[in-house]
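The values are calculated or read from the model by the stated rules, or taken from the named source; none is laboratory data. Just so you know, these numbers come straight off a predicted model, no measurement behind them. When we count neighbours, we look across all protein chains shown, and the Cβ atoms used for this are built from the backbone with ideal geometry, even at glycine. Protein only, heavy atoms only, side chains kept; ligands, DNA and RNA dropped before computing areas. Shrake-Rupley method; radii C 1.70, N 1.55, O 1.52, S 1.80 Å.
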Amino acid sequence: MFWEHLRDRFTREALTRSFQALRIRDYRRWSVAQLLSGTGGAASQIAMAWLVIELGGDGLALGAVTACMMLPTLILGPFIGGLVDRYSRRSVLLVTAVAQMLVAGALAALTFGGVLEIWMLAALSLAHGVAFAADNPARQLLVMDIVGRERMTSAVSMNEVIINGSRVLGPAIAGILLVVSDAAWCFVVNALVFIPSIVVLLSLRLRPVVPDDAALDAASALRVPGAWRFAVGTPAIRSTLLLAVCAAACYNIAVVIPLIVVDVFDGGGGTYGALAVAFGLGALPGAFFSATGPTIPRSSEVRGMAAAMAAAVVFSAVSWSLPMLFVGLAAVGAVVMWFIARANAYVMLTTPAPIRGRIMGLWAMALPGSTVVTGLLVGSLAEATDPRLAYAAVGIVTALTVAACWRALRSTD
């Protein structure tokens, strides 16, 4: 049964379905704009980390600056998601694009002027994080406005491909700019790449979003208890959000893999870079093939990919050789991206339209917002015990969460 299901994912019809979203001209234009802005954002993050070190900061300072980026998403996710429910997605994204452009411009000016300090980096990182907290759910729901429900799974999966592509291009551009010029130019690039997004947003022809009667009835019943109670009271949504937190910990390889490279294999930065590339190479096909499944993801698929995610992480953690670790991290990248794409689409498509922004705000809290907490917990465990044990713990906790959520996800099939 399993192998027949897997074979069905690689038929010509399934592979054709994975590209459905790209048939829409506006989505193609928006995808290019998102690739550019994602690349600029990744380059900017590399530059900020480098500047923290140049300014005399330590690991704590670097962690604090990084945490400032994710804290607004972790704390404000569903509240800012309410803005996305209330206002036009296009309007929200125009505001967040301009805000992020201004932050990048301020970073460039302060760096060029030679007056930048670590506290300024933290403050501007926090400001960028507030804009990102609203940008994340609005961007996902705008895609649904562009492509419609029938192509949403394809669009979510293509979005994961774009994100991973930007995580390859951005650091490469940052590396070149840091060698030949100055970190300030990374911020200049980041500011400029928001221009295509603004141009595309202003020119989009969005289809009207008309929720069906069932969605409207469900939403009206939820006005008093709110989106929080809907998420907690819907077992499949609650379980998927819990598994998304696990996925965030599995995905955040920067916490423990550098320690494994140094402490276990006596490697250096080049080894870690190669392992990161292996993870990214696995993530790309994982995101791509996630689009070959049914238009509406099944909850059984969500739990199945979560179980595979746990197994891949444990396999990587117990790897006794570098080749084995390369294979393991490529597998982690593939199944984590597959899970994220399908679980994201599942939550979005099974949530009543009028509260979808708030629920996607909760999704953003779970992933990537929870990395602020899970990163500290896993990093502390790695320091106190052993990095391989810490990464194995991530896989074991994920497996236990899958077991606890098994029935809840099965009940909706």
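Taking the Cα centre of the chain as the origin, how large is its charge dipole in debye, to the nearest 20, when only Lys and Arg (+1) and Asp and Glu (-1) carry charge on their Cβ atoms? Mind dumping the intermediate values first?
Values: 28 positive and 22 negative charges, 300 e Å.
Its charge dipole is roughly 1440 debye.
With N denoting the number of residues in the stretch 237-337, provide Rg(C-alpha) divided by 2.2 N^0.38 Å, to two decimal places. Before the final figure, lay out the partial values.
Details: Rg = 14.3 Å, N = 101, 2.2 N^0.38 = 12.7 Å.
Dividing the Cα radius of gyration by 2.2 N^0.38 Å gives 1.12.
Based on the inverse mean of 1/r over its pairs of different Cα atoms, what is the Kirkwood hydrodynamic radius of the stretch 21-117, in Å? Mind dumping the intermediate values first?
Numbers: mean 1/r = 0.0629 Å⁻¹.
Hydrodynamic radius (Kirkwood, Cα pairs) of the stretch 21-117 is 15.9 Å.
Pairs of alpha-carbon atoms within less than 8 angstrom and 6+ residues apart define the contacts here; what relative contact order does the stretch 51-159 have, in percent? Please report the intermediate quantities before stating the final value.
Numbers: 88 pairs, mean separation 44.2, N = 109.
Computed value for the stretch 51-159: 41 percent relative contact order.
Could you state how much accessible area TYR87 has, in square angstrom rounded to the nearest 10, with a 1.4 Å probe and all protein chains kept in place?
Result for TYR87: roughly 110 Å² accessible.
Can you give the alpha-carbon Rg of the stretch 331-413 over 2.2 N^0.38 Å, where N counts its residues?
Ratio of Cα Rg to 2.2 N^0.38 Å: 1.29.
Any chance you could look up the accessible area of THR371 with a 1.4 Å probe, heavy atoms only, rounded to 10 Å²?
Its heavy atoms expose roughly 30 Å² to the probe.
Using +1 at the Cβ of each Lys and Arg and -1 at the Cβ of each Asp and Glu in the chain, identify which of THR351, THR96, PRO285 lies farthest towards the dipole's positive end.
Among THR351, THR96, PRO285, the one farthest towards the positive end of the dipole of the chain is THR351.
Given 0.36 nm per residue, what is the gain on full extension from VAL318 to MET120 after removing their alpha carbon distance, in nm?
Numbers: separation 198, 0.36 × 198 = 71.28 nm, distance 4.10 nm.
Net length gain for the segment: 67.2 nm.
Please list PHE112, PHE279, PHE289 from largest to smallest accessible area, probe radius 1.4 Å, with all protein chains kept in place. Can you show the working numbers first?
Details: PHE112 110, PHE279 15, PHE289 50 Å².
Reading off the accessible areas and sorting them downward yields PHE112, PHE289, PHE279.
Given a 1.4 angstrom probe, I'd like the percentage of the accessible area of the chain that is carbon and sulfur, rounded to a whole number.
Values: 12440 of 17920 Å².
Looking at the chain in its full context, I get 69 percent from C and S.
Could you do me a favour and compute the accessible area per residue for the stretch 68-136, 1.4 Å probe, result in Å²? Walk me through the intermediate numbers first.
Numbers: 2950 Å² over 69 residues.
Roughly 43 Å² per residue, with all protein chains present.
Please give the calculated 222 nm ellipticity per residue for the chain, where each DSSP H segment of at least 4 residues contributes -39500 (n - 2.57) and the sum is spread over every residue; nearest 500 deg cm²/dmol?
Working: 19 runs with 330 residues, N = 413.
Estimated from H runs of four or more residues: -27000 deg cm²/dmol.
Relative contact order of the stretch 263-413, please, whole-number percent, based on alpha carbon pairs below 8 angstrom and at least 6 residues apart.
Working: 162 pairs, mean separation 51.4, N = 151.
Taking the mean separation of contacting Cα pairs over the length of the stretch 263-413, I get 34 percent.
Compare PHE132, PHE79 by solvent-accessible area with a 1.4 Å probe and give them largest first, with all protein chains kept in place. Please list the in-between numbers first.
Details: PHE132 40, PHE79 135 Å².
Correct descending sequence by accessible area is PHE79, PHE132.
In Å and on Cα atoms, what radius of gyration and Dmax does the stretch 311-355 show?
For the stretch 311-355, the Cα radius of gyration and maximum Cα-Cα distance read 15.5, 51 Å.
Mean Kyte-Doolittle hydropathy of 0.0 or higher plus an axial Cα length of 15 Å or more: which whole DSSP H helices in the chain meet both? If you can, show how the numbers build up before the last one.
Numbers: long enough: 25-54 (44 Å, 0.16); 59-86 (40 Å, 1.43); 89-113 (36 Å, 1.43); 118-147 (42 Å, 1.15); 152-180 (41 Å, 1.33); 235-251 (24 Å, 1.48); 269-289 (31 Å, 1.29); 299-317 (27 Å, 1.11); 322-349 (40 Å, 1.79); 371-384 (19 Å, 1.51); 387-410 (34 Å, 1.02).
Once both thresholds are applied, what remains is 25-54, 59-86, 89-113, 118-147, 152-180, 235-251, 269-289, 299-317, 322-349, 371-384, 387-410.
Can you list, bin by bin at 10 Å, the percent of alpha carbon pairs in the stretch 67-184, starting at 0?
P(r) over the stretch 67-184, rounded to whole percents: 13, 32, 37, 15, 3, 0.
Restricting things to alpha carbons, tell me how big the stretch 267-394 is in terms of Rg and Dmax, in Å.
My reading of the Cα-based Rg and Dmax gives 16.2, 51 Å.
Please state the Cα pair-distance histogram of the chain with 10 angstrom bins from zero: what percent is in each bin?
With 10 Å bins starting at 0, P(r) equals 5, 22, 33, 27, 11, 2, 0.
At 7 Å along Cα-to-Cβ for each site, give me the label-to-label distance between SER91 and SER380 in nm.
4.3 nm
Hey, what did the chain get for relative contact order, percent, Cα under 8 Å, at least 6 apart? Provide the component values of the computation, followed by the final result.
Numbers: 634 pairs, mean separation 111.6, N = 413.
Relative CO of the chain lands at 27 percent.
Under the 0.36 nm per residue contour assumption, what length would be gained going from the current alpha-carbon distance of LEU22 and GLU54 to full extension? Could the numbers behind the result be given before it?
Details: separation 32, 0.36 × 32 = 11.52 nm, distance 4.24 nm.
Computed gain between LEU22 and GLU54 is 7.3 nm.
Ordering ARG205, ARG23 by accessible area with a probe of 1.4 Å, largest first, what comes out?
Details: ARG205 175, ARG23 140 Å².
Of ARG205, ARG23, the descending order of accessible area is ARG205, ARG23.
Where in the stretch 295-309 does the amide nitrogen come within less than 18 Å of the point 7 Å from the Cα of ALA403, taken along Cα to Cβ?
303-309
Any idea of the accessible area per residue across the stretch 303-343, 1.4 Å probe, to the nearest Å²? Could you put the intermediate results ahead of the total?
Values: 1200 Å² over 41 residues.
For the stretch 303-343, the solvent-accessible area averages 29 Å² per residue.
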